[in-house]
Structures are given as structure tokens and as C-alpha cells.
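S.K.: This structure is in C-alpha cells; I'll ask about it shortly.
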Amino acid sequence: MKFERFKSILLVLLVISSIVLTVNKWFNEKLWPDGYNFFSDVKNYFVPDKINIYSFDPVEAVLRPSKIIINNSGNHTLYTKSSTEYNSIFSELKEILELAALEKPVISDSSEWDNCLKGKSCYFSYPVEYGGNYFFTHLSKEHQNSVKSLQEFVVTIDNRVTSSVYLYLRDTANDNVVKYRLSHKSDVLNQIIEQTAYSSDGINYYSFELNFDAVSDDQKKEHIVIDSDVLINISPKSIASIGEQNLFNNIAEHPELYSPILSEFGYNTSAIRRYVETDNSAVFVENYGTLKFHTNGFIDYKSVNSSNGVALSGETIYECINAGISFVNRVSMMLGFSGDMYWEISSDIADITSKSFKLCFDYYINDNMIIIPENDYSMKHAVEMEVSGGKIISYKQLCRNYYTGDYHITCSSAIDAIDSLDSDDEGVFADVISDIFTAYTFNTETKIWQPMWYIENSEGDISVISVDYGGAGV
């Protein structure tokens, strides 16, 4: 009797073991052509969307300004993210921002703003407009913000009271200027200004100091009008050359590169349909989307409809935006860009009011934007993401590595670039210029990347300025 019971138990265990092994085989092996696995697709249908949560904190990425200008009685010195002094300056400014988040501002005006820029102060700005609540939430959940949208600040010292500083903020929604009086020792800020606004600088001027922000009395713009806070350089610039590397040459033969990215998009790398196109681009398909690795150096993801896609973490709109920023950072880390490269947000966040939005990013190297050849990649920005209901439904990213070259190029001054603008070009005079900057542009004739001057208007449209260059240097 005992022997019969033992046989029954053994038989049950064998049946359970065979079932477990069979199910495991069905769900993990490539039983169908091109890796298609019906049972894996059934599992994916019933299993909830994978939510991607990263250790990367986008707070620093949002709060770090794209440029800091230290002003000291007519001397204006520009610091960008690659500057040695940038981190120490930003550390002090961040402390002041955190104090301002807990205070309510009072109304100020543009003349007071301009006077700050003429004296001892720190001006800093961001590449895009942020919603006021979105920005200050990164500083404190108990913030007292009353500003709708923002992009630039000025911090100045109260010479009468050493325990106070003033923070000025321009509301980009209505152009109003507000200020905060903050209890903060000014000696550290004063020391930073004294040490970093070089007396020998004398090559940078704000637009209002050169009268470029003036409009004629009859309101007809008979000359170029430049926003008063734009810093204009009057000396030629020496900018490092750059080279590029296609990270996706023969991508279909490099699973070590594409497999981690597939996993990031929620694809099961052991059970997925794949085919290779004639140009050696690799295409991966699952029930709810397609991810293509183009052999000329970019990825392109599309979900089948707006209800499916890559789910982002976060219960609130702001958390969803941050998850989208983190996603871009994660993919970029997998691509292994050079240390000289970094990305910046290029699309305004001020008007996002739901979990459906678009985000754009651009690459920078040596603090200069890389202008993407739109005709080559069918995209204007290095990264273009579309989110619907908290899910990524479309994603494009340029996957080319840019690195600093071994020579420098002499670029004309900003003032020369402005002088070269054609006075007959109605497009230039139709709107106020909100920024003037250099960016790397691919020359299709010489096949090299060279710095060019660009202008940006208040609508965010950019145009290249044709300027003669002094040529390459050592």
C-alpha cells in the first residue's frame, strides 16, 4: 500500500515537472520563423505594461542653466557647462533658488532688471521656457510660486545689507519682472563675482548697452532689434573642430549594442520577430510596435496606436515629463557618446498640461549645438519623443558620436555676424531676435562640420547667418 502511494506521488511530480518544462519552453524559445513566439505574445497581452524607473534624477538636468553671465560694473563674463568655474557658481545659485521657492515675490520692472545687469550680478538662463510650477516643484514641494512661465533670472547683492540678496525673475508669459528679497549672506556671491567677472574681459556687451533693443518711434523696425538680454561678442571666436562616428555601421551584426536598447523599449530579446533590410538596417517587431535601427545612424520607434507604447512612470504630469527625460538619458548612456557631448531640452515645457506631449532634445559639444541635417534623417532635433496618455508612442534618436578634433576654426565675432545680415531680408526684421549663437553645421561640399552663426526669433525659429571665416588654425 505504501509502495502504491509512493508511485502515485512520483507520478504527480513527474506530470508537474513536465508541465513546468513545457510552459518554460513555449514562453522562452524561438519556435517560430524570425524569432516569433506566439505564446510570448499571449503572455505580454495579459502582463501589465512594464514601467521604467531609473536612478537618473532629472532635477539637476532641469535646474542647471545653459549659460551663466557674471556681471561686474560693465564687465560681462560668460560661463557654460564645460567651464571649470561653472559648478561652483551654480552651487551658490541653486541655494538661492531654493530660498526663493519658499517666498512670495513682489512686482519689479525692466529698468531695475537692466540696472542689475550693469552692476554686480549673476544672470543665468535656460534653453527653453519652463512652467513656473514645474520648475519650482524641483526645488521644493511647498513652493510659493505665482509665475506662469520662466526662462531667466538675475541675482544681485544688496550693498546696504550684507545678509540679503535679491533674485529677479522675468515671467515669459506676460514679460513682467518680479523680485525676491532673500535672507542669504552675500559675501560668497560677492567673492564669486569679484573672481569670475574679469576686468580685462571687455569683449561682451548686452544688446541694450549697444542700443540694439531700440525700436523707432513710429514702431517700424528700420534696423535689427535684439532682445535686451542677449550677450553680443565683439571679438572673433576660436572654436574646436569636431568629427563624427556612425554608431550603427552593420548594426544587424551587433546585438551587444541593440539588445539593451530593445529591453529599454520593453521588447523581449529572446522572443521577438526580426528582419534585416537590404541596407543592413535591423527591424524588430512585436504586437504593439516596431523599432528600427537604421544603418546610417538613428533609431525609429512607432507604436501601432496611441493606446499602446512604452509606459513611463509617474502619477503626476511633472513626474511623467521627468520620466521621459530620464528615458532619453538612459538610451543615450547605452549608446556610449564621447565625454565632450551632452544633450539639452529644446522644446518648451511651459504649456504641457497633460500626460500627452512632445519633447525634443539637441546634442551639444564644446557648448555648441549640433544642427541636424534634416534631409538625411527626417528629423530636426537629435531626439524627438511623442507621449500619449503617459506612454511613448513615437521616438527618434540620432545615434552618431561627435568628438573634438585636433584643430581650431576662427569664427567671426557676433557683431560682425549681425553686420552681415541683409537689410533687405524681411524675415530678419519681422521679429525680435531672442538669441545669437554659434552651432556646428555640416558642410555638404567640404564634408566637414564647421561653426556657423545662427539667430533665433521669439517664436523659437532659427536661421543661419552667412559669414566669412578667418579659416582654420592650429
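S.K.: State the extension gain, in nm to one decimal, for the chain segment bounded by ASN296 and ASP351, taking 0.36 nm per residue of separation less the distance between their alpha-carbons.
M.R.: So the extension gain works out to 16.4 nm.
S.K.: Taking just the alpha-carbon atoms of segment 92-165, what radius of gyration and Dmax come out, in angstrom?
M.R.: Spelled out, the Cα radius of gyration and Dmax of segment 92-165 are 12.7, 35 Å.
S.K.: Another question, if that's okay. Shape of segment 279-388 from its Cα gyration tensor (a ≥ b ≥ c, root eigenvalues): rounded if a/c is under 1.5, otherwise prolate when a/b > b/c, or oblate?
M.R.: It is oblate, given that a/c is not under 1.5 and a/b is not larger than b/c.
S.K.: Right, another one. Provide the gained length on full extension for the span GLU374 to GLN245, in nm with one decimal, where the gain is 0.36 nm per separating residue minus the Cα-Cα distance.
M.R.: 44.7 nm
S.K.: Taking segment 343-449, which trypsin sites (Lys or Arg not before Pro) meet the DSSP loop condition and have no more than 11 other C-beta atoms within 10 Å?
M.R.: LYS447
S.K.: Could I ask something else about it? What nm value, rounded to one decimal, do you get for the distance between HIS254 and LEU102 when each label is placed 7 Å out toward the C-beta?
M.R.: Going by the 7 Å Cα→Cβ label model, 5.0 nm.
S.K.: Filter the trypsin sites (Lys or Arg not before Pro) in segment 210-304 to those in DSSP coil with at most 13 other Cβ atoms within 10 Å of their Cβ, and list the result.
M.R.: LYS220
S.K.: How large a share of the accessible area of segment 292-382, in percent, is made up of carbon and sulfur atoms when the probe is 1.4 Å and the other protein chains stay in place?
M.R.: Taking all protein chains in place, segment 292-382 shows 45 percent carbon and sulfur surface.
S.K.: Keeping every protein chain in place, order HIS254, HIS76 by accessible area at 1.4 Å, biggest value first, i.e. largest first.
M.R.: These residues rank, largest area first, as HIS254, HIS76.
S.K.: Can you compute the charge dipole magnitude of segment 240-361 about its Cα centre, using +1 on each Lys and Arg Cβ and -1 on each Asp and Glu Cβ, nothing else charged? Give it in debye, rounded to the nearest 20.
M.R.: Here the size comes out at about 360 debye.
S.K.: Give me the accessible area per residue for segment 300-385, probe 1.4 Å, as a whole number in Å².
M.R.: Normalised by residue count, the accessible surface of segment 300-385 is 41 Å².
S.K.: Still on this structure: Counting other C-beta atoms within 10 Å, and keeping those with at most 16, which DSSP coil trypsin sites (Lys or Arg not before Pro) do you find in segment 57-136?
M.R.: LYS81
S.K.: Let me ask something additional. So who's got an amide H within less than 5 Å of the one on SER149, skipping anything under 5 residues away but keeping other chains? H placed 1.01 Å off N, in plane.
M.R.: Amide H to amide H, under 5 Å and 5 or more residues apart or across chains, SER149 pairs with GLY132, THR172, ALA173.
S.K.: Shifting gears a bit: On a full-extension model of 0.36 nm per residue, what is the gain between ASN174 and GLU315, subtracting their alpha-carbon distance, rounded to one decimal in nm?
M.R.: Answer, rounded to one decimal: 47.8 nm.
S.K.: Dipole magnitude of segment 166-215 about its Cα centre, charges +1 at Lys/Arg Cβ and -1 at Asp/Glu Cβ only, in debye to the nearest 20?
M.R.: My answer is approximately 260 debye.
S.K.: Continuing with this model, one more query. In segment 254-385, with Lys and Arg counted as +1 and Asp and Glu as -1 at Cβ, which of these residues, MET333, ASN287, THR353, has the Cα nearest the positive end of the dipole, that is, farthest along it?
M.R.: Sorting the options by dipole projection puts first ASN287.
The values are calculated or read from the model by the stated rules, or taken from the named source; none is laboratory data. For clarity, every value in this text was computed on a predicted model and none was experimentally measured. Glycine gets a Cβ as well: all are built from the backbone with ideal geometry, and neighbour counts include every protein chain shown. Keep in mind that these areas ignore ligands, DNA and RNA; they rest on the heavy atoms of the full protein, side chains included. Shrake-Rupley method; radii C 1.70, N 1.55, O 1.52, S 1.80 Å.
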